[in-house]
Every structure is written in C-alpha cells, then in structure tokens.
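Have a look at the structure below before the remarks.
The values are calculated or read from the model by the stated rules, or taken from the named source; none is laboratory data. In this text the structure is predicted, and so the values were computed from the model without any measurement. All Cβ positions, even for glycine, are placed from backbone atoms using ideal geometry, and neighbour counts span all protein chains on display.
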Amino acid sequence: MSRLVKSLVILVILILGVSPSVWAYIDLAPTLGKIVGDSQKIALVEVDKFSREKGAVIVKKVCDLKDKLAAEPIRHQVAATAGGAVPRDILEWADPGQRGILFISGNTTLVCMGRNWYQVQSSADGWWKLGVARPDLPLTYCGTVSRLSDAIELMLAGKTAVITTVPHGADNEAACFDLALNRTNYPGLVRLQRLRASLRMPSTVMAVSGSSGFVVGQGQASVEEIPSLIGKLASPDATVRAESADDLRSLGVAARQAAPALLKLLDDASVPVRLSAAAALLRIAPKDGVALDVLSKALGSDNPAVRRRAARAAGLAGTSAAPLADKLAALLADSDELTRLAALQAVGTLGPSAAGAMNAVVTLLDDPQTAPDAADALGRMGPAARPAQKRLAKMLTSETVTLQWAAVRAMSQIGGDDAAPAVQYMIGQLGNASEVDGYNMMIYLGLLGPVAKEAIPAIQNARIKQPALKPAALWAIEPDKQFPWQNNGRGGGMQEGDVVRYIYEAYASELGEHLRPASRQLAQKFMDGSAGQIPTWAYKLLTRFPEDVIAILSPGLQDTNIVKRERAVVALGFMGSAAAPARTRVAEALAHANTDREQLLIKWCLREIDREPATAKATP
C-alpha cells in the first residue's frame with residue numbers, strides 16, 4: 001500500500017469514524033469434517049421403495065463409506081402419520097434409484113439428499129422416525145450426492161476435498177435470512193460456495209467462514225472452469241451435458257461465451273439437457289426468446305415428467321422466466337402432485353413477478369402437503385400478497401407446528417397491519433423458544449418493522465445467544481429511533497467487528513420500506529457530524545434509498561465549510577455506483593477544490609461511483 005493510499009485510509013477514518021471490521025459470521029452448524037468424524041457409520045444408499053400413502057421410504061445400501069452397515073433394507077418413516085404430509089424435499093427425492101448419504105451416530109441418522117438433509121431417530125419397532133428439521137445443514141454441504149460421496153472418501157483417506165455449501169457469508173451478508181426464510185429450498189435462489197473440507201477442519205461453520213484457508217470461491221463453479229464446461233456440453237453422456245449446463249447457469253452473465261453452445265442444446269434429444277440449457281440461457285441472456293419458448297412448450301407437455309422438469313427449470317431460470325407465470329399458475333392445479341409442487345416452487349422463486357398467481361396459491365393452503373410451500377410462495381410475493389394475510393393467520397392455530405411457522409414466515413415477509421396475529425404468536429413463543437426458533441423470530445420481527453412494536457418487551461427479555469440479533473431486531477422495528485452503534489445499541493450486547501458485520505449487512509439489505517426514515521436520518525447525521533463511530537455496514541443504508549440520500553448529501557459539496565464538503569464526498573464515495581446521479585456535481589466540486597487533500601478525496605469518490613456495481617469496493 002502506497003503512502004498516499006495509507007494517508008487516505010486514515011483520512012476517511014478520521015472524517016467518518018469508520019472502524020475496521022473483520023470477516024466473520026457466527027453460526028453453530030457443524031462442518032462436514034465434524035459430521036464425518038463423529039459418524040460411526042457412513043453409507044451411500046439409494047431409494048428402493050417409497051409409499052406416499054404410508055409416508056415411508058425404504059433405502060438399500062449401495063456401498064459403505066465408513067465402517068460396515070448391515071445389508072438389510074433401512075426403513076424411514078417420513079410423515080407424522082400414515083397419509084400425512086411428507087416434507088416436500090423428501091417427496092421430490094424419494095423416487096426409486098435416487099441416491100443419498102447416511103451418517104449414522106448412535107440412535108440418530110442424518111440423511112443428505114444432495115441439496116437438502118433430514119434427520120431420523122431410531123425406534124423400538126425397527127423404523128427410523130423423522131426427527132427435528134435441520135435447516136442449518138446446507139451450510140455443511142449442498143450439492144450433488146456423487147460429489148459428496150467422493151469428498152467423504154478423500155477425507156477418510158486423510159486428504160482434502162473441495163465441496164459446495166451454502167455460504168456463511170456472501171457479498172458481505174450473512175446466511176441468516178436465507179435460512180430463516182427457507183430460501184435453501186429454492187435452487188433458483190440459493191447461493192453456493194466452494195470450500196476445502198477435511199477431517200482436520202474446525203467443527204463449526206463459524207470457524208471456517210470467510211477464511212482463505214477454507215473458502216475456494218463463490219458459486220458452484222468458477223469462471224476459470226467455463227472453457228472446460230463448454231467442452232462438456234458436447235459430451236456423449238446426457239447427464240454430463242445437463243450438469244455442465246447447470247454449472248454454467250450458476251455463473252450467470254459471466255458465462256456469456258457459452259451462449260452459442262447452449263443454444264445448440266435447445267434441440268438436444270434429451271429432455272433434461274434441453275431444459276437445463278434453456279434455464280442456463282435465461283440466466284446468461286435473460287431476454288432469450290428461444291429458450292423461453294422451449295420452457296413454455298415443455299410446460300404444456302402431455303407428459304407429467306416433462307411438465308415437472310420444465311417447472312423446475314423455470315424456477316432455476318429465475319425472474320427471466322416471469323413471462324411463464326400464467327402457465328406455472330395453471331400447473332398449480334395439475335393432476336400430478338410432483339408437478340404441482342414443482343410449479344409452486346417456481347412461482348415462489350419468481351416472487352412479486354408471479355403475484356397474479358396469488359389466488360391459485362391460496363387454494364393450496366388447504367392441503368397440508370402443499371401448505372408450507374404455498375405459504376412460502378405467498379411470502380415471497382411480498383406486499384402484493386396482503387389480501388392473503390387473513391387466510392395465513394388461520395394457519396397459526398394449526399395442530400401442525402410446521403404449518404404455524406410457515407404462516408409466520410410468510411406473514412413477516414408480506415407485512416402490513418394484518419400481520420399483527422403473527423406478532424402476537426411470536427410474543428407467546430419467545431419466552432420458551434428453541435435456539436433456532438428464537439434466532440428466526442428476531443429476523444421475522446425485524447422484517448415486520450413498526451408493526452411489531454408490541455413485541456419489544458418480549459424481545460428485550462428473550463434469551464438469544466447471538467449478541468447482535470436482539471439489538472438488530474429492536475433497531476429494525478424502530479429504525480429511526482437510535483442507530484445500533486450508538487450507546488452500545490438498544491437491547492445491549494452490541495459489539496463491533498466480527499460478530500455483527502454480516503448480520504447487520506443482511507438486515508440493511510433485506511428490510512423493506514420502513515428503513516427509508518433511517519436512511520434519511522443517517523445522511524443528515526453524516527452532514528451534521530452526529531452519526532458517531534459508523535461501522536462500514538451502515539453505508540448500505542445510504543444505498544437503499546439513493547434518491548433521498550443524494551438530495552441530502554449533494555448540497556454539502558458546495559458548502560463553505562470544508563469539513564461538510566469532505567463529509568459529503570466521502571459518504572457519496574462509499575455509496576459507490578448508487579451515487580451515480582450525483583456524479584456531475586462531484587466532478588464540479590473537483591474543479592473548485594481548494595487543497596490537495598480535498599482533491600484526493602474527490603478523485604477517490606469519482607472512482608468509486610464509476611465502479612461496476614458487482615465489484616467489491618476497495619478501501620480508498
């Protein structure tokens with residue numbers, strides 16, 4: 001670092017009180033090394049039989065990975081009662097021939113289905129019964145079963161494997177919202193990272209988060225792999241072609257050079273290849289009409305398996321598949337259950353773009369099997385689904401706890417005064433909440449904002465281990481009352497640095513319109529010097545509502561007081577490309593700068609404004 005850059009770093013810290021923070025995010029999920037090390041037996045298995053009516057899965061061993069598992073069939077009861085609801089991810093997975101990994105330790109078995117996991121407990125009658133939900137385990141592993149199997153073999157041989165997981169922090173944000181809002185059940189939404197795994201790795205994800213010794217890179221594939229993946233698109237093996245197209249999809253516009261090869265696959269003889277290529281093209285070139293036509297035609301197929309695959313591909317394509325929302329809504333009444341579920345998942349992925357399907361989704365709340373996913377789909381529609389709030393509120397009195405929490409999750413994202421029953425429900429739950437439920441409720445109440453004011457005493461008295469969550473939730477409910485870094489944060493326990501950075505980054509990104517007053521107030525406090533020692537995550541508050549903030553900051557560029565001019569310049573610089581509307585005024589300020597120091601600051605500000613939005617900002 002040059003002396004000039006070092007001087008500028010010191011200058012920015014002195015002007016704005018920026019305190020350096022360190023990469024970290026606390027999460028108690030176990031690492032793969034921990035699970036492999038603790039497991040007494042590990043085996044690759046495949047589904048032998050599945051009874052939807054009995055809610056039963058019978059798996060058989062393919063091969064042992066650690067110690068020896070008996071060869072007899074293994075029976076899992078995956079519904080609370082015969083004919084009861086089966087978790088959607090298990091229902092989609094439990095086709096004969098589908099594979100998974102069993103991690104057996106005493107009376108507990110963890111089952112990795114690839115992108116999702118479930119837990120079962122042994123019982124006296126020889127059946128393994130469905131245990132508590134494990135939404136944390138995609139942080140341990142999330143990817144293909146074959147990659148996991150290969151990784152376990154390497155790890156048990158004392159070597160290091162590269163695996164894919166839901167990141168503990170991506171784009172400087174925590175995974176807390178992804179887990180609390182069930183986004184890991186949406187392949188089109190979930191983010192992945194590549195991680196080095198071995199038996200020597202730490203036992204919790206907290207200890208590997210952000211470490212260059214473990215994190216290889218973001219995404220399920222890297223841009224360096226693009227030439228190789230393009231080559232694999234010509235493989236004689238249809239599975240290889242489809243998986244390579246999916247890897248390219250995960251790279252989005254960065255894989256634009258693969259578009260011609262993917263375009264050729266839209267006529268492939270294999271349905272999975274065609275649909276994987278179409279989903280990839282719509283991520284790489286969102287306006288590709290040919291890819292959209294391929295998906296549209298498949299959604300209307302006479303073959304339910306094709307309709308199902310097309311719905312899944314539409315979900316993977318993301319919001320570029322919005323023109324297909326009406327067709328997906330029609331499939332919510334399909335005669336094939338798995339097709340209905342796939343369409344529902346795709347509608348949920350589209351979020352507000354599929355708000356026209358709201359009434360069709362509400363109908364599915366009456367079926368215990370589809371109700372959790374229907375609630376999630378409504379929640380992802382946001383405020384557009386407010387007419388459904390009263391119907392969701394009825395689920396709060398369901399006899400099934402899973403449905404109660406699905407309703408809370410949805411109502412918190414939709415918001416509005418009709419979400420008050422969800423607030424009352426959470427007030428009643430906070431006193432004796434499990435660690436996971438308490439953690440999630442801090443996020444749900446934060447999303448509700450001012451609607452959740454009645455919950456403030458309950459939050460203050462709640463026993464939440466994560467020290468940043470209570471003050472974060474209290475701030476989110478009354479965001480313009482006091483900033484978290486002032487007076488040690490409301491609710492106590494506010495800490496600088498490692499523990500809080502990702503959580504507050506996520507809150508600043510995820511909270512809705514009720515953050516606008518806080519954004520304006522922060523800009524005003526910047527200018528009058530009363531903002532205090534501002535953490536770096538707080539600059540995201542300014543970028544959320546740039547029009548409001550620029551109107552407050554930009555007049556300071558012409559102030560006669562040099563301190564105010566510098567404050568305005570640095571705040572706009574930290575806004576980056578979001579401050580582009582103010583660029584002309586910043587450039588004019590450069591022409592009138594009185595000192596070398598002021599010129600240095602303004603030039604840095606202009607560079608930050610001109611950066612590509614996806615590029616991480618460097619410290620000036």
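Of note:
- Test result for residue 178, of a type in the set (D, E, K, R) and surrounded by fewer than 22 Cβ atoms within 10 Å (Cβ to Cβ): no
- Within region 185-209, being in a loop (DSSP other than H, G, I, E, B) and either of a type in the set (A, V, I, L, M) or buried (at least 17 other Cβ atoms within 10 Å of the Cβ) (or both) holds for 186, 187, 188, 189, 190, 191, 192, 198, 199, 201, 209.
- Among residues of region 218-248 being over 17 Å from residue 278 (Cα atoms) and of a type in the set (Asp, Glu), the one that is surrounded by the most Cβ atoms within 10 Å (Cβ to Cβ) is 225.
- Being within 30 Å of residue 400 (Cα to Cα), among the hydrophobic types (A, V, I, L, M, F, W, C) and surrounded by fewer than 24 Cβ atoms within 10 Å (Cβ to Cβ) is a property that residue 333 has.
- Top-ranked residue of region 372-427 - restricted to ones that are more than 30 Å from residue 78 (Cβ to Cβ) and of a type in the set (S, T, N, Q), ranked as farthest from the chain's Cα centre (by Cα): 424
- Residues located in region 93-107, provided they are surrounded by fewer than 20 Cβ atoms within 10 Å (Cβ to Cβ) and either closer than 23 Å to residue 38 by Cα or under 26 Å from the mean Cα position of the chain (by Cα) (or both): 98, 99, 105, 106, 107
- Check on residue 240, free of Cβ contacts under 8 Å to residues at least 12 places away in the same chain, assigned to a helix (DSSP H, G or I), among the aliphatic types (A, V, I, L, M) and within 30 Å of residue 139 (Cβ to Cβ): yes
- Test: residue 65 is closer than 25 Å to residue 164 by Cα, out of contact with any helix residue (DSSP H, G or I) (no Cβ under 6 Å at 6 or more places or on another chain), buried (at least 19 other Cβ atoms within 10 Å of the Cβ) and touching a residue at least 40 places away in the same chain (Cβ under 8 Å): no
- Within region 167-175, not a single residue is at pLDDT 90 or above, more than 28 Å from residue 343 (Cβ to Cβ) and touching an Asp or Glu at 6+ places or on another chain (Cβ under 8 Å).
- In this structure, residue 302 does satisfy being not in a helix (DSSP H, G or I) and not assigned by TED's automatic domain parsing to the domain that holds residue 252.
- Answer residue from region 122-161, given it is part of a loop (DSSP other than H, G, I, E, B) and small (Gly, Ala, Ser) and is farthest from residue 184 (Cα to Cα) among those: 124
- Checklist (1) crowded, with 19+ Cβ neighbours inside 10 Å; (2) assigned to a helix (DSSP H, G or I); (3) among the basic types (Lys, Arg) applied to residue 115, failing item: (2)
- Counting the residues of region 506-537 that are among the hydrophobic types (A, V, I, L, M, F, W, C), part of a helix (DSSP H, G or I) and more than 20 Å from residue 445 (Cα to Cα) gives 5.
- Filtering region 40-84 to residues that are more than 30 Å from residue 464 (Cβ to Cβ) and small (Gly, Ala, Ser) leaves 43, 51, 55, 56, 70, 71, 79, 82, 83, 84.
- Residue check, residue 354 of a type in the set (A, V, I, L, M, F, W, C), closer than 15 Å to residue 181 by Cβ and touching a helix residue (DSSP H, G or I) at 6+ places or on another chain (Cβ under 7 Å): no
- Restricting region 469-483 to residues that are at pLDDT 80 or above and in contact with a Pro (Cβ under 9 Å, 6 or more places away or on another chain), the residue that is farthest from residue 447 (Cα to Cα): 471
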